[in-house]
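One structure is given below, encoded as structure tokens.
The values are calculated or read from the model by the stated rules, or taken from the named source; none is laboratory data. Everything numeric here is computed off the predicted structure, so don't read it as measured data. Ideal geometry is used to build each Cβ from the backbone, glycine not excepted, and the neighbour counts take in all protein chains shown. In case anyone asks, the SASA skips ligands and DNA or RNA and just uses the protein heavy atoms, side chains included. Shrake-Rupley method; radii C 1.70, N 1.55, O 1.52, S 1.80 Å.
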Amino acid sequence: MLIARDRELERISDAVERAHLVTLTGPGGVGKTTLAHAFADDWPHEAMLFSDLTALEDDDLAEGIAGSLWFASFSDLVDEVADRPWLLVLDNCEHLLDAAAELTEQLLEVSPQLKIVATSRERLDLPGEVVIRIDPLPTTGSPSPAAQMFLEAAHSRGLEPTDDLVDVEELCRRLDGLPLALELAAARTSAMTVAEMISHLDSRLDLLSRRRQRGPERHASLSATIAWSYQQLESDERLLFTQLSALRSPFTVGMAASVGDLDAAAALAIVDTLVERSLLVHHPIAGISTFRMLETIRAFAGEQLENRQGAEARLLDHLTTRADEMFAAGVMTQLAAPVELEYSFRNVYWAVETAIDRDDRERVFRLIAPWWWLEDVGHQSEAAELLERIIARWPEVTADTAVAWGILSLLIWDGDRCEETAAVAASSSGIGSAYGERMLGFLARRRTEWDSSLEHFARARDIAQEAGQGGLALEIQMHAGLALSRAGDLDAAVATLEEVIASSSDYAMPRAMATDFLAFTLLPYDAVRSAELSRSLLPLAADNVWLRAACNYTLGVAALIEGDIPAAASHLDSSIDAFTIIRSTTDIVLVYLCAATLFVRLGDHETARAIIGGHRATYPAKLGAAEQGLLERLGPLPVIEGDVPPMPADEVRRRLQQIATGSAIDPATSAVATGNRFLRSGDVWTISYDGVETRLRDSKGLADLATLLSRPGVEVAALDLMDAGVVSGDAGPSSDAAARKQYESRIRSLQDDIDEAEAAGDSYRAERAREELDALVDHLTAAYGLGGKERASGQPAEKARSAVTWRIRSSIKKITAAHPALGDHLDRSVKTGRFCAYEPTERVIWET
């Protein structure tokens, strides 16, 4: 809730313009985070990152920040912000002041355009830092900004205080105008008058009447506000409130029930009360209710907790039992399992660390058993670091430690290290061996080593079945189907995937994923069915990032094939967003290439080249036969010459969003509106442009033009247009003196024929003579260079250039005679030579 903060926002904006580091300081609860969010929301650039440091620790701050922002590692974050105008907000730095300062200095050294806004109760004390102190809301005026916020907070809860404004102002003054204190007090207006609240504050929160700059008194004043709300709770509510301090945010009602030793219904009732009284924040994730306790409130609750050891022991047992349940059922049985792993990660991470510290080997491996799905939900670097600790602690490769090796290989995807850990896991037995073989299959598939990939997947499937992990076995068989698809074995791929779907009635995840893989496999051949399959999965995709990415990719390409450009742009944008979250590099490259074909169809070859420029060195090795075939189905990509800087991902997404919303489409020049056509029927071409239609007799030059119009912005080799009709070898000079005289004589004769035919009104005879004349003149022009020097004509590329150039230019002249506007457009837009292209300055789409 932002009230009376315009001046602070202006100060922050001015400071960010002139400095790279701006720190917002002030007491806890003053609204630093709210201001940082408000400023970030108005950041004029697309590139903005917001990281809450509350749950992070000194020793993992860099990787913790990277994980919270969905980067695989801190080095990836550094690479992303290195040379772009990013805004990074680091929220709640005070408990990690030295580490946050060191990390900030490191980022600013390698990122000259980066802007950092930090919030902290103390400055970071770095060179060039601009410090803006955020004060409490003013308590003067009528009504004062503090009173406005108090009343607004009450109204937002459906409450209508009837107290005298003088009492409201007094309460706000005694609360020092602190926004958090105002919100907590407003929550009580349902049961107390403002005057009654003032009397309670008089007896318990006298420190709130004094302004404190720093030190324990300031903390105590806010703690007193929390203490007052705490005292309003019933005894069972107070007990669970303190026990919740053992949890890391976010947490679920199930976790709350475990630390309080309550059943779920009783825990939910108390949690609901704590949310209503602003002691907890409701924080839904993918449709699942989770909760967060503000750090200052958590610190207060922790001080009141009498038996932390008991609460933590119950939490440890709860998390271990839940890991057992997920592993026994198989995370493949439920689409929401990856979401649960994501939101429970902080608490599970604590549990694994605690078990390692206690040398509790059995518990460690029970806790990490379902972790293999973390490959798709973030926190990879933090989980990998913990797995490295586990391997170092128990280095002997056994059936249980192989699980750690196998999951580690899934999380790092780091070349030799990844293959090494996967091989170690595969060499063992049990489910860890299945993880290792599965990863080796992925690596072989990424190298397009199809036979090797299928062998690894087969072994992994058999091991998973023997271990009783039927869902995992089906998921592995599904990946084998995708390998067959990418290898170009359509029949085997379809049969494998349909078998997985038929066998997956008890396993939601492999059934959904196999359905999507089948949609992908059929995409180049049956876009309508592919879209139907993917559309059926969309209701399930809300809880699974990977499925959301894959469905939107398939729907985007299907729409592109069907010619629905706005729908294609919308789905491809969503796909890029989701694939970026799970860092699936091969899929990201493929989506980018499909997006490039979309811009080619719009005639925006500059954007297409910029998109491809960042990936042309890698995509041929990453794509199999299926992907290459799909790109051919969508149409050729433009040729890239020289170094083309890659277009940033956020800019690609911005342009796709413009197309999706129609803001980048001018209806006046839409091909759908004008009905531009370049179609052949028998020996006659029907050509429509700008509402005018004409018909011309068939010629090779018109066929060449049709090819170019169907591929705007794409350079097509003249040799390809010639259909290999040129023999190789150097035939020497293209025209000797005698032949040249014969050409000149024939040209004069044709000129006479044209004059006679036009005088007689014989247009057909005149057109035929004019075609032959144009061909002879263009051929002589091609045969002689500057100063009349003859060209060598026998090289295939030269012959193709010469022949294709004159027949295209001759056809454009015929079009100009029949349709001047189109002739002028083509003359300006068609480039000829060894490579020919149609490159209109405006967006024009043709039906060809």
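Report the residue count in the stretch 553-566 for those that are of a type outside the set (V, I, T) and either open to solvent by 30 Å² or more (accessible area, probe 1.4 Å) or touching a Phe, Trp or Tyr at 6+ places or on another chain (Cβ under 9 Å) (or both). Quick ask: steps written out before the conclusion?
From the stretch 553-566, those of a type outside the set (V, I, T) are 553, 555-556, 558-560, 562-564, 566; that's our starting set.
Those left that are additionally either open to solvent by 30 Å² or more (accessible area, probe 1.4 Å) or touching a Phe, Trp or Tyr at 6+ places or on another chain (Cβ under 9 Å) (or both): 553, 562-564, 566.
Residues meeting the conditions: 5.
Out of everything in the stretch 652-704 that is β-branched (V, I, T) and open to solvent by 80 Å² or more (accessible area, probe 1.4 Å), what residue ends up being modelled with the highest pLDDT?
The first filter runs over the stretch 652-704 and keeps only residues β-branched (V, I, T), leaving 652, 659, 661, 665, 669, 672, 674, 684, 686-687, 692, 694.
Right, trim to open to solvent by 80 Å² or more (accessible area, probe 1.4 Å) and you get 661, 672.
Numbers: T661: 78, V672: 35.
Filtering the stretch 652-704 for residues that are β-branched (V, I, T) and open to solvent by 80 Å² or more (accessible area, probe 1.4 Å), the one modelled with the highest pLDDT comes out as T661.
Among the residues of the stretch 470-491, not one is open to solvent by less than 30 Å² (accessible area, probe 1.4 Å) and not in a helix (DSSP H, G or I). Using the structure shown, decide if V166 is open to solvent by 60 Å² or more (accessible area, probe 1.4 Å), within 30 Å of S51 (Cα to Cα), modelled with pLDDT under 90 and hydrophobic (A, V, I, L, M, F, W, C). No: the conditions fail for V166. Restricting the first member to the stretch 433-460 and to residues that are closer than 17 Å to R486 by Cβ, and the second to residues that are among the aromatic types (F, W, Y) and in a helix (DSSP H, G or I), the beta-carbon pairs closer than 8 Å and six or more apart or on different chains are R438/F457; G441/F457; A444/W450; S453/F442.
How many residues are β-branched (V, I, T), assigned to a strand (DSSP E or B) and open to solvent by 50 Å² or more (accessible area, probe 1.4 Å) when one looks only at the stretch 110-161?
Filtering the stretch 110-161 for residues β-branched (V, I, T) gives 110, 116-117, 119, 130-132, 134, 139-140.
Those still in the list that are assigned to a strand (DSSP E or B) too: 116-117, 119, 130-132.
Applying the additional criterion that residues be open to solvent by 50 Å² or more (accessible area, probe 1.4 Å) yields 131.
The total comes to 1.
Among the residues making up the stretch 440-469, a single one is of a type in the set (G, A, S), buried (at least 23 other Cβ atoms within 10 Å of the Cβ) and more than 31 Å from the chain's Cα centre (by Cα): A464.
Among residues of the stretch 416-432 that are over 13 Å from A402 (Cβ atoms) and open to solvent by less than 60 Å² (accessible area, probe 1.4 Å), those with a beta-carbon under 8 Å from a residue that is in a helix (DSSP H, G or I) and among the β-branched types (V, I, T) at least six positions away or on a different chain give the pairs C418/I412. Here A72 passes the criteria (1) modelled with pLDDT under 85; (2) more than 23 Å from E17 (Cα to Cα); (3) surrounded by fewer than 19 Cβ atoms within 10 Å (Cβ to Cβ) except the one numbered (3).
Of everything listed in (1) open to solvent by 70 Å² or more (accessible area, probe 1.4 Å); (2) modelled with pLDDT under 85; (3) of a type in the set (D, E, K, R), the single unmet condition for E183 is (1). Of S810, S793, all but one fail to be more than 46 Å from the chain's Cα centre (by Cα), within 15 Å of L705 (Cα to Cα) and at pLDDT below 85; the exception is S810. Only residues that are closer than 16 Å to I412 by Cβ and out of contact with any Gly (no Cβ under 8 Å at 6 or more places or on another chain): list them for the stretch 54-74, please. Scanning the stretch 54-74 gives E63, A66, F71, A72, S73, F74.
Quick grid of which residues meet (1) at pLDDT below 85; (2) closer than 19 Å to L590 by Cα; (3) in contact with an Asp or Glu (Cβ under 8 Å, 6 or more places away or on another chain):
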| residue | (1), (2), (3) |
| --- | --- |
| E475 | yes, no, no |
| R535 | no, no, no |
| P539 | yes, no, no |
| I561 | yes, yes, no |
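In the stretch 42-58 there is at least one residue that is modelled with pLDDT under 80, touching a helix residue (DSSP H, G or I) at 6+ places or on another chain (Cβ under 7 Å) and assigned to a helix (DSSP H, G or I). Whenever a residue of the stretch 508-535 is in contact (Cβ under 8 Å) with a residue 12 or more places away in the chain and in a helix (DSSP H, G or I), its partners that are of a type in the set (K, R) and surrounded by fewer than 24 Cβ atoms within 10 Å (Cβ to Cβ), lying with C-beta atoms within less than 7 angstrom and at least six residues away or across chains, give the pairs L522/R529.
Going by what's in this entry, would D604 be described as farther than 25 Å from Y525 by Cα, under 14 Å from the mean Cα position of the chain (by Cα), modelled with pLDDT of 80 or more and surrounded by fewer than 21 Cβ atoms within 10 Å (Cβ to Cβ)?
Numbers: farther than 25 Å from Y525 by Cα: yes; under 14 Å from the mean Cα position of the chain (by Cα): no; modelled with pLDDT of 80 or more: yes; surrounded by fewer than 21 Cβ atoms within 10 Å (Cβ to Cβ): yes.
When the stated conditions are applied, D604 does not pass them.
Are there any pairs with C-beta distances below 7 angstrom linking a residue in the stretch 119-146 that is among the hydrophobic types (A, V, I, L, M, F, W, C) to a residue that is open to solvent by 70 Å² or more (accessible area, probe 1.4 Å), with the two at least 6 apart or on different chains, and if so which? Hits for this filter: L126/E105; V131/R123; I132/R11.
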